[in-house]
1. So how much slack lies between residue 36 and residue 86, counting 0.36 nm per residue of separation and subtracting their Cα-Cα distance, in nm?
2. For the peptides 119-126, 48-55, 72-79, what is the packing order when you average, over each peptide's residues, the other Cβ atoms within 10 Å and list the highest mean first?
Amino acid sequence: MKAIVVTDQAAGTAGMTLAERPEPDAARLASLEGANYGDVVVEVHASGFTGNELEWPSTWIDRLGRDRTPSIPGHEVAGVVTSLSYGATGLSVGQRVFGLTDWTRDGTLAEYVVVEARNLAPLPGDVDLTVGAGVAMTGQHSGVTLSSHDVANDGLPCLPHHVGEYFREPVDGPVDFLLGDHDRRSESQC
């Protein structure tokens, strides 16, 4: 598969190159020997990238401190599930999804990416895939995720931090929202 890879941290974005990388092996993922429990292979239709992730240690080393270059940057993704590993639940092959990849694994600037199912959510059919990739990080960092079950004391819907519930059914009539970060509530309305 084609992917954008980085091999030299000092080169920054100038060091990004298009390269051939092995495709995720769906048959191996489906077996107990080859799977990371709960992984999903996603055919990438839209992806997000921020240049400063080339400064993050996780772009260059894994959780055990081992070099992981060449690595594929990008963490926001929207696409279609092509296969499920053992233990992956809540998603199905052919389903449109969006979400974030793990920081210490290859990213989304590729034709395919392996993502933990728990880091993905279904993307409604009326939402463009580029929008789906764009809201994954936005929803995580800004805490602007609509959740119909989290209502502040004054009855206004609160917007907590939870990417998987960003897209909900439309609300009838005018809506005011409280901005919230995790369990904290902001007094401002938007």
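1. 17.2 nm
2. 72-79, 119-126, 48-55
Readers should treat all values here as calculations from the given coordinates under stated rules, not as data from a laboratory. Bear in mind the structure is a predicted one, so any value in this text is a computation, not a measurement. With ideal geometry, Cβ positions are generated from the backbone for all residues, glycine too; neighbour counts draw on all protein chains shown.
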